[in-house]
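Everything on this sheet refers to the single structure shown next.
Every read-out reported here was derived from the displayed coordinates using simple, explicitly stated rules and does not represent laboratory data. All values reported here derive from a predicted model rather than from experimental measurement. So basically every Cβ, Gly included, is an ideal-geometry build from the backbone, and we count neighbours across all protein chains shown.
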Amino acid sequence: MLKIQNLTATVDDGAKTILNGLSLSVPAGEVHAIMGPNGAGKSTLSYVLTGRDGYDVTDGTVTLDGDDLLDMEPEERAAKGVFLSFQYPLEIPGVPTLTFLRTAMNAQRKARGEEPISAPDFMKRAKSLAKDLKIKAEMLRRPLNVGFSGGEKKRMEIFQMMMLEPRFIVMDETDSGLDVDALRIVADGVNALRSPDRGILIITHYQRLLDYIVPDAVHVLSSGAIKASGDADFAKRLETEGYDAYA
């Protein structure tokens, strides 16, 4: 599924290297977690994968299902099935949540040569998923994320993710700022999307999210490269021992 080889990325017109020869493979059907200290390059990796401006790839390759991801525009990556759950979800005043989401879904469907989703089918699915995630109908009618708490924004992102059904999910510190109840709801949504043909990459500082979403592999990212990998128990050791050994 996702294969990263020797990825090097810079910012500030090449003045600063953030990712430095990073290699990583996430097979279909697996959930991988990346942990590491502040400034290691975790969020930069998520931005490079999704095509955010301001990051220059100077070496390496990234492929999804064999296709060159780096050669695609951000909207093409989204149509390909790449989804990023932001650490700090954006607010879009004046744009109702359901309008935003249906527009996004139909734009992706059009790019894939599929028919647009009908309004009745869209609403039926939206209401069902909102109920599962304990999202009130009133929230869906409000402008996207405007006036939402941190937990509500994260829950809304999981709602968008479940509606879009992406092929590959990147979660950038989605657990940041969540209380225990919200964390469980978010984790339940992610676990519901685990499937043999979907990959998930979770970026997190803390092990607590991985109590609810048990990963197939855990990787330490430090100084822009993967320094060590292990199973789910590895995350618990990292929580206790810290990252100094991988600096």
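Couple of notes before you dig in:
- Nearest-ten-degree value, helix 119-132 long axis tilted from longest Cα axis of the chain: 60 degrees
- Our summary gives the stretch 2-246 a relative contact order of 29 percent, counting only alpha carbon pairs under 8 angstrom and 6 or more residues apart.
- The stretch between Ser176 and Lys131 holds 13.9 nm of extra length on full extension. This uses 0.36 nm per residue minus the Cα-Cα distance.
- Sparsely packed loop sites in the stretch 200-240 (the chymotrypsin sites (Phe, Trp or Tyr not before Pro) outside DSSP H, G, I, E and B with at most 16 other Cβ atoms within 10 Å) comprise Tyr206, Tyr212.
- Distance cut-off 31 Å, percentage of C-alpha pairs in the stretch 2-246 lying past it: 23 percent
- Between helix 232-241 and the chain: long-axis angle, C-alpha atoms, 0 to 90°, nearest 10: 60 degrees
- Neighbour net charge for Pro215 - beta-carbon separation under 12 angstrom, K R +1, D E -1: -3
- Helix 180-192 and the longest principal axis of the C-alpha atoms of the chain enclose an angle of approximately 90°.
- Stretched out straight at 0.36 nm per residue, the stretch from Asp244 to Asp53 would grow longer than its current Cα-Cα span by 65.6 nm.
- Evaluated over the chain, the count of Lys pairs having alpha-carbon atoms less than 18 Å apart is 18 (only pairs 8 or more residues apart or interchain).
- The chain, helix-only ellipticity at 222 nm - DSSP H runs n ≥ 4, -39,500 (n - 2.57), divided by all residues, nearest 500: -11000 deg cm²/dmol
- 21 Å tail of the calculated P(r), the stretch 185-247, as % of Cα pairs: 25 percent
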